[in-house]
Amino acid sequence: MSTYQRISAVRGQTVDLNIRFFRNGVPLDPYAIREVDIYHTSIAPHNLVATIPVLLPTDPLYPRPLEQGTIPALGPAGTEPVPHTPNPGEYHLFWSIPSDLTVPDVFFDVWKFFAENPCGQEGTAGATGCNVDAPVYAPLLLSQCGRFWVYAEQVAGDLGLESVNFGFEPLNVKFHQPEVRPLEVGIMPLPLYDYNFNLVNPLIPQLKATISIETQYRELLVNAHPMTIGVRQGSYRSNPYVLRYMLDTTILLKGTYQYYIVVTMPDGSTRASARYIFTVN
């Protein structure tokens, strides 16, 4: 069974519902995540699809069924990033999407959690018989809402009459050490305002993109590392998608670098961008 991103979940498959918690702008693990509620179309009791409970923080297996995120280490050229240390505040819920949901539609995942131990001075939950799920502590529960899109499994035939082409728009040029932030590139169907919407739009969330980064002298630093697909900020009705790569400037020397992107289409063909540049100061 395949695992899909929030932007491209498929009914009957698994979606990675990721989240990262912050306190006053600083990543932080909450004391206890208690459950994740899944809603269809809107957050209303009659739209509740599933409730996924999480083990108590006193359980050695906490936060099952969630998984904690890790920070990938940049390996040698030609290798995949290797997870090596926990990423504070980052969690993933790999949810198997039921096959009987009504799609395509938007879904909402509501994470309910305690930022601090609600038992206060009584000690950690369980140490003195404190039950964090007691009704008296319910008002202290916080919630965070996310969204994701689910589509039907699509089976289509390609008649070979039209070719699908994409344009790329670099959105980030200047980075400053010690930044660790996304390098984003807009992706748009061509011709921009006159393409076959029904043919192209279902393909975009399913694209597989990689990035390669080189020095000015074509020394390869990052070789075909995977990118994720996200949504750009602002009102972009015809080209809302971005390809995103988390760039760690602390492992780069100050200077100018060039990169290019290769997108693999569902039919196995590829589309490559021009070489773009970014600087690290």
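The values are calculated or read from the model by the stated rules, or taken from the named source; none is laboratory data. Given the structure is predicted, the values throughout are model-derived calculations rather than measurements. Here the Cβ positions follow ideal geometry from the backbone for every residue, glycine too, while neighbour counts run over all protein chains shown.
The table below gives the values:
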| read-out | value |
| --- | --- |
| Tally of residues being at pLDDT below 80 and touching a helix residue (DSSP H, G or I) at 6+ places or on another chain (Cβ under 7 Å) across segment 184-212 | 2 |
| Candidate set: segment 161-211, residues that are under 21 Å from Val262 (Cα atoms) and of a type in the set (Asp, Glu); chosen: the one surrounded by the fewest Cβ atoms within 10 Å (Cβ to Cβ) | Glu162 |
| Odd one out for Asn223, checked against (1) out of contact with any Ser or Thr (no Cβ under 6 Å at 6 or more places or on another chain); (2) polar (S, T, N, Q); (3) assigned to a strand (DSSP E or B) | (1) |
| From the options Thr256, Thr250, Thr228, residue that is more than 20 Å from the chain's Cα centre (by Cα), within 17 Å of Leu171 (Cα to Cα) and among the β-branched types (Val, Ile, Thr) | Thr256 |
| Restricting segment 237-258 to residues that are over 18 Å from Arg181 (Cα atoms) and without any contact (Cβ under 8 Å) to a residue 40 or more places away in the chain, the residue that is surrounded by the most Cβ atoms within 10 Å (Cβ to Cβ) | Pro240 |
| Qualifying residue in segment 35-51 (condition: under 26 Å from Val231 (Cβ atoms) and at pLDDT below 90) | no |
| Residue satisfying all of: in segment 179-213; hydroxyl-bearing (Ser, Thr, Tyr) and assigned to a loop (DSSP other than H, G, I, E, B); farthest from Ala9 (Cα to Cα) among these | Tyr193 |
| Ile19 being within 16 Å of the chain's Cα centre (by Cα), more than 17 Å from Asn117 (Cα to Cα) and either touching a residue at least 60 places away in the same chain (Cβ under 8 Å) or not assigned by TED's automatic domain parsing to the domain that holds Leu243 (or both) | yes |
| Residues located in segment 80-103, provided they are at pLDDT below 90 and in contact with a Pro (Cβ under 9 Å, 6 or more places away or on another chain) | Glu80, Pro81, Val82, Pro83, His84, Asn87, Pro88 |
| Evaluation of Thr215 against (1) touching a Gly at 6+ places or on another chain (Cβ under 8 Å); (2) at pLDDT below 90 (one fails), failing number | (2) |
| Pick from segment 259-274, criterion touching a residue at least 40 places away in the same chain (Cβ under 8 Å) and surrounded by fewer than 17 Cβ atoms within 10 Å (Cβ to Cβ), ranking: nearest to Lys174 (Cα to Cα) | Tyr260 |
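A quick yes/no check of all residues on (1) under 22 Å from Val180 (Cα atoms); (2) outside any loop (DSSP other than H, G, I, E, B); (3) out of contact with any strand residue (DSSP E or B) (no Cβ under 7 Å at 6 or more places or on another chain):
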site: Asp29; (1), (2), (3): yes, no, no
site: Ile33; (1), (2), (3): no, yes, no
site: Val36; (1), (2), (3): no, yes, no
site: Tyr39; (1), (2), (3): no, yes, no
site: His46; (1), (2), (3): no, yes, yes
site: Ile52; (1), (2), (3): no, yes, no
site: Thr58; (1), (2), (3): no, no, yes
site: Arg64; (1), (2), (3): no, no, yes
